[in-house]
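The values are calculated or read from the model by the stated rules, or taken from the named source; none is laboratory data. Note that the coordinates shown come from a computational prediction; the quantities given were computed from them, not determined experimentally. Using ideal geometry, Cβ is built from the backbone for each residue, glycine included, and neighbour counts are taken over all protein chains shown.
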Amino acid sequence: MNKRPHTKPQLPEILADLARIATEDLGLRPMLQRVAEALAHFFQWEFVALASVNHDTRRFVCEALATTLPTDVQVGYSREFGSGVVGEVAVTGRPVLVSDARQHANFVHTLPGGLSELCPDPASWQVIAVLNLESTRIGTFDDSLDLLRTISEQIAGAIAAARRVEELTRRAELLEAVAEFTRQAMESDDLDALLAFVLRSLSTRFQTVESTVLLEGDLVGHLEVMAHLGASPHVTYRGKQWPISEGVVGRCFREGLPILIEDITRKPPMFR
């Protein structure tokens, strides 16, 4: 990082730097981290964070952070919608400017001594991410809303580009995996060896901790375990019978549709 400027940065200079970051070969989170550091560098702000917004779980997650002060926030920090200024913006889609935290009932003190905060208008982001600024001084961001709206537009474009790259990369990896599975299936005449190869490949590619292949067997109303990789507390072994009336596996078979459970600790009905 270059030495901090002594003069107030100009908008074209800031936008040019953000555009340069967006064109670098970075994943989404590393790119957002560079953006947060660049904004903190340009404006000498004490706290700059970027949070992603998940409307399915109704939570926001800190994806990038640049701060010179101790804080309860770190990358991965998460709270529910409606909680704090970021939570307000995630729900309403409108900017929130807090000139004096002592006058804002929903201000969450994650930055000791924090007195002002700004989350600019995320409308162009479709509320998929929120820029959050905090300061230990009153009124730090009172004249920055219009400027930050323009900067947010630039960040929105960078986020969209990074997500497109990640999606293309993900699809390429999936196609590569499918091609490899197809090749193995055509060359192998040993089903057990083929299924073991598939589970090992999935474990390596997706860092799975538990993988099982079940096929419809001779016992009516049951699936039969044909291959397993992991350390299941149920001791999933080859030949074990799984009732199609139980769990996610049973529901998936009955409905013939994929099922994604993002957080099994929330105990969806199919786990009970």
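The table for this structure:
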| item | result |
| --- | --- |
| Qualifying positions in the stretch 250-267 - over 26 Å from the mean Cα position of the chain (by Cα) and assigned to a helix (DSSP H, G or I) | Gly250, Arg251, Phe253, Arg254, Glu255 |
| Breaking point among (1) surrounded by 10 or more Cβ atoms within 10 Å (Cβ to Cβ); (2) in contact (Cβ under 8 Å) with a residue 12 or more places away in the chain, for Phe206 | (2) |
| Single residue of the stretch 87-105 satisfying the filter (among the polar types (S, T, N, Q) and outside any loop (DSSP other than H, G, I, E, B)) that is surrounded by the most Cβ atoms within 10 Å (Cβ to Cβ) | Thr92 |
| Pairs with Cβ under 7 Å, 6+ apart, first in the stretch 101-114 and closer than 16 Å to Leu133 by Cβ, second in a loop (DSSP other than H, G, I, E, B) and modelled with pLDDT under 85 | none |
| Qualifying residue in the stretch 47-62 (condition: acidic (Asp, Glu), farther than 25 Å from Gly139 by Cα and out of contact with any Lys or Arg (no Cβ under 8 Å at 6 or more places or on another chain)) | yes |
| Ala66 crowded, with 18+ Cβ neighbours inside 10 Å, of a type in the set (A, V, I, L, M), under 26 Å from Val165 (Cβ atoms) and touching a residue at least 24 places away in the same chain (Cβ under 8 Å) | yes |
| Looking only at the stretch 204-222, and only at residues there that are under 34 Å from the mean Cα position of the chain (by Cα), farther than 19 Å from Ile264 by Cα and of a type outside the set (D, E, K, R), the one that is modelled with the lowest pLDDT | Thr204 |
| Qualifying residue in the stretch 189-203 (condition: exposed (fewer than 15 other Cβ atoms within 10 Å of the Cβ), on the phi > 0 side of the Ramachandran plot and in a loop (DSSP other than H, G, I, E, B)) | no |
| Residue within the stretch 147-167 that is under 30 Å from Val213 (Cα atoms) and among the polar types (S, T, N, Q) present | no |
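Results for (1) at pLDDT 80 or above; (2) surrounded by fewer than 21 Cβ atoms within 10 Å (Cβ to Cβ); (3) in contact with an Asp or Glu (Cβ under 9 Å, 6 or more places away or on another chain); (4) in the same structural domain as Leu15 (by TED's automatic domain parsing), shown as yes or no for each residue.
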site	(1), (2), (3), (4)
Ser124	no, yes, yes, yes
Arg137	yes, yes, yes, yes
Ser144	yes, yes, no, yes
Thr150	yes, yes, no, yes
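Residues checked against (1) within 12 Å of the chain's Cα centre (by Cα); (2) aliphatic (A, V, I, L, M):
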site: Ala16; (1), (2): no, yes
site: Ala36; (1), (2): no, yes
site: Phe60; (1), (2): yes, no
site: Glu63; (1), (2): yes, no
site: Arg94; (1), (2): no, no
